[in-house]
Amino acid sequence: MTTTSPVTTTSPIRQEIEHHWAELLTPRQSPMRARVAERLFRIAVRRLPVRVVLPGGERLGAGGPDAPVMRIVRPRAFFNRLGVDAKIGFGEAYMAGEWTSTDPAAVLTPFAARMATLVPQPLQVLRGWVDERRPASESNSIAGARSNIHRHYDMSNDLFAAFLDESMTYSSAWFAHDTDLRDAQLRKIDGILDYAGVRTGSRVLEIGTGWGSLAIQAARRGATVTTLTISPEQKQLAEKRIVEAGVADRVTVQLRDYREADGRYDAVVSVEMIEAVGEQYWPLYFNTLNRLVVPGGRIALQAITMPHDRLVATRHSQTWITKYIFPGGQLLSIPEIERQVAQHPGLRITGRRRLGEHYARTLHEWRERFHASGERVTELGFDHIFQRLWEFYLAYSEAGFRSGYLDVWQLRLHRA
């Protein structure tokens, strides 16, 4: 389903996307750091089941003949990027074509599995020397959150339609054996609605509309749904899809921040939106959930998580994902979610379900769909650098879930 015009080279969102390109193609130079980065990289890959091929035929890594292959095309530029900031430089080097692979997710998975130990422990104290701090401008105030969301979700509905299934669901699916992606997405939606106890007569608040699939399914159960988004592009398409589904009389889409929500609801549902809240606003987010749900009501969350020690180590650092994909974003850990819930005595977690391996499969399918839609993405106005950016994003994320470094949970909360 396509409802928007192609992105043009003069559109504001396109200009924001290309703002980074000049910086990308003329990176900062640091010969000393580049030498250190090359040494650390060579040490790290000695233990990894990959094959790293350099110009001239030199091979690194512990991988055998069937191991994934990473080809470093321009070593000098690649190691310079790692030296300036490895967390950002590895992805930027892929965007710039300085390394490549026929299966970047397979290459990245062993790196993700050893994320905490790739740099020797004695050298980790130097993190503050090379880490780039998060820009203060990306704080998730109400105005800041709108700006951050705009940079990702308002690029083009057609871009997302190029790789999502027809349900237009942009979160982890829940597969059952050989189900296809659409059925797996509907299974996920029904699972979270079951957690929230949504049925005929339920008053439901959804925080984070997406393109309307969950709201439509809740309305089909006989619920009355208020769903919130701060993306004008999403609101436009979601409302169209809600009308086409014949449930417009039971669903209201509001262009409103969760902090501005009012009313009382039997169930509050939020799927992979908490990642955009930001550490500063986590207490307010959970307070808002507690305020909006009636006594005896339920809250159902789907949340991407990371290991707690990595959260503590990286929470203030700029990463490739926050620079290029989700400005202002911050994953939580399960211990951090539990701590936030514990600050509200009326709330308690009564159920949890992990879907990490299902997200790896979801991302793999999205990546294949995106690759197959390359011509369409080009027609929409997205150049080859952007396409390599998006390929790396999907591969990087798939590797995170496939390695277990990332996970995703459905959580059920009750309000006493």
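Of everything in segment 83-111 that's in a helix (DSSP H, G or I) and in contact with a strand residue (DSSP E or B) (Cβ under 6 Å, 6 or more places away or on another chain), which residue is surrounded by the fewest Cβ atoms within 10 Å (Cβ to Cβ)?
By that ranking, first place goes to A93.
Given the condition of a type in the set (A, V, I, L, M, F, W, C), modelled with pLDDT of 95 or more, out of contact with any Gly (no Cβ under 9 Å at 6 or more places or on another chain) and surrounded by fewer than 21 Cβ atoms within 10 Å (Cβ to Cβ), answer yes or no: does some residue in segment 255-264 qualify?
Checking segment 255-264: at least one residue is of a type in the set (A, V, I, L, M, F, W, C), modelled with pLDDT of 95 or more, out of contact with any Gly (no Cβ under 9 Å at 6 or more places or on another chain) and surrounded by fewer than 21 Cβ atoms within 10 Å (Cβ to Cβ).
Report, by residue number, each residue of segment 307-335 that is under 25 Å from S147 (Cβ atoms), part of a helix (DSSP H, G or I) and among the charged types (D, E, K, R).
Within segment 307-335, just K323 meets the criteria.
One line per residue, one yes/no per condition, for (1) at pLDDT 95 or above; (2) over 20 Å from S156 (Cα atoms); (3) charged (D, E, K, R); (4) assigned by TED's automatic domain parsing to the domain that holds G278:
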| residue | (1), (2), (3), (4) |
| --- | --- |
| H316 | no, yes, no, yes |
| Y324 | no, no, no, yes |
| L332 | yes, yes, no, yes |
| G351 | yes, yes, no, yes |
| T362 | yes, yes, no, yes |
| E368 | yes, no, yes, yes |
| A372 | yes, no, no, yes |
| G381 | no, no, no, yes |
| Y405 | yes, yes, no, yes |
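I need the full set of residues from segment 177-220 which are surrounded by fewer than 21 Cβ atoms within 10 Å (Cβ to Cβ), touching a residue at least 60 places away in the same chain (Cβ under 8 Å) and aliphatic (A, V, I, L, M), in order please.
L181
Any chance segment 320-327 includes a residue that's more than 17 Å from the chain's Cα centre (by Cα) and touching a residue at least 24 places away in the same chain (Cβ under 8 Å)?
No, that holds for no residue.
What is the one condition in (1) assigned to a helix (DSSP H, G or I); (2) within 21 Å of the chain's Cα centre (by Cα); (3) buried (at least 19 other Cβ atoms within 10 Å of the Cβ) that T288 does not satisfy?
Every condition holds for T288 apart from (2).
The values are calculated or read from the model by the stated rules, or taken from the named source; none is laboratory data. No experiment lies behind these values; they were computed from the predicted model shown. Please note: Cβ atoms are built from the backbone with ideal geometry, for glycine as well, and neighbour counts cover all protein chains shown.
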